[in-house]
Amino acid sequence: MKKIILIAAGCICSVIAFAQAKPFYTQYILNNYILNPAVAGIENYADIKLSSRNQWTGINGAPVTTYFSFHAPIGKEDLRTSATSFQVPGENPRGKRLWEEYTPPDPHHGIGIVAMNDKAGYINRWSITGTYAYHKPLSVRTTLSAGFNIGVNSVNLDRSKIEWANLDPNDPAIGISTGELKKIKPEIGAGLWLYSAQYFVGISVLNIIPGKAKFVTNDKYGVSYTPNYFATAGYRFSLTDDVMMMPSVMFQYWQPQLAGLHANVKFQYQDLVWVGGGYRFSDLISGYSALAGINVSNTFNVSYSYEVATSSRLRSYTNNTHEIMLGFIIGNKYSQKCPRCY
């Protein structure tokens, strides 16, 4: 009973205070587009990602986040997007030659879409946004892209699934309605992405429009919509002609209470397999993670990550977190395995 009450209280708290903090992603480094609309169209093909994140598996009704993302270039005629965008027969696509001969893409556009669903207990959030980005070379090695997304998000609350136990079901934050409560709000985001053969740096803000979605008339309660800020950076190192190492960091801040710093490193052998690990320090939950992935063919790849929590108010019940991602490439101009910009 204490466990049920604890979880119910935590979920109510998330409705009042934390409902519009964007989800954490262990594998953000494999799909930076999910956090920054300026990445749309960075490749020379359409990039599709499907992801499912099962967090705190020891709790009934624990958070489950799934998303679908798609982005593609428009008017991009050059052969190479990045230092590793195609393979020369007989050479490693991650080899030093391609890095040394890298030239930035011509100016072009990018479009995309993201559909996300985040469910925790009786609270369900979903959003869908469309994206536009423009990529402009700044020098013979560097390109800057700017992008924005626009769409809608929704918070749904199903009172029928709440385990009240001996608590008063007339909660002041959600009233006494017995059905499902829904609130829909617009969502706008924007970002910048600076990239070259060896590094990338990005900043973005999601949920630009602040506001509150209330389930009751009392202004004291409601779901707060405040901006979510992200800063990301990474650098590629060639350890050998076949092995690449890429450390990266990502800082996430949501006003007024949530901040998280993610530090990761990924090792990749040619364009075939990769492994990595990381650590996230956060106001709410910190933890270590490990990931691994493989390119099954030139149009399909799969990756998996496992995260162990090291601090949490629910640590005794949380267990650990699993995240899996499937990637598909459409319209690749080359028959060889095609490395991604990550």
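The values are calculated or read from the model by the stated rules, or taken from the named source; none is laboratory data. If you're wondering where the values come from, they're calculated on a predicted model, not measured in any experiment. Ideal geometry is used to build each Cβ from the backbone, glycine not excepted, and the neighbour counts take in all protein chains shown.
Worth pointing out:
- For first residues located in the stretch 283-300 and surrounded by 15 or more Cβ atoms within 10 Å (Cβ to Cβ) and polar (S, T, N, Q), partners that are in a strand (DSSP E or B) and at pLDDT below 80 and lie 6+ apart or on another chain with Cβ distances below 7 Å form the pairs Ser286/Thr310; Ser286/Ser311.
- Options Ala263, Ala231, Ala259: the member that is modelled with pLDDT under 90, aliphatic (A, V, I, L, M), closer than 30 Å to Arg125 by Cβ and in a strand (DSSP E or B): Ala259
- Taking (1) under 22 Å from Met116 (Cα atoms); (2) modelled with pLDDT under 80 in turn, Arg80 satisfies each apart from (1).
- When the stretch 23-64 is limited to residues that are among the β-branched types (Val, Ile, Thr) and either on the phi > 0 side of the Ramachandran plot or in a strand (DSSP E or B) (or both), the one that is modelled with the highest pLDDT turns out to be Ile48.
- All positions within the stretch 118-133 that are within 22 Å of Asn228 (Cα to Cα) and over 18 Å from the mean Cα position of the chain (by Cα): Ile123
- Among the numbered conditions (1) surrounded by 21 or more Cβ atoms within 10 Å (Cβ to Cβ); (2) modelled with pLDDT under 95; (3) outside any loop (DSSP other than H, G, I, E, B), the only one that Ser145 does not meet is (2).
- Index of the failed condition, Ala263 passing every other in (1) among the aliphatic types (A, V, I, L, M); (2) loosely packed, with under 15 Cβ neighbours inside 10 Å; (3) within 19 Å of Met325 (Cβ to Cβ); (4) under 17 Å from the mean Cα position of the chain (by Cα): (3)
- Restricting the stretch 180-220 to residues that are surrounded by 18 or more Cβ atoms within 10 Å (Cβ to Cβ) and among the aromatic types (Phe, Trp, Tyr), the residue that is modelled with the highest pLDDT: Trp193
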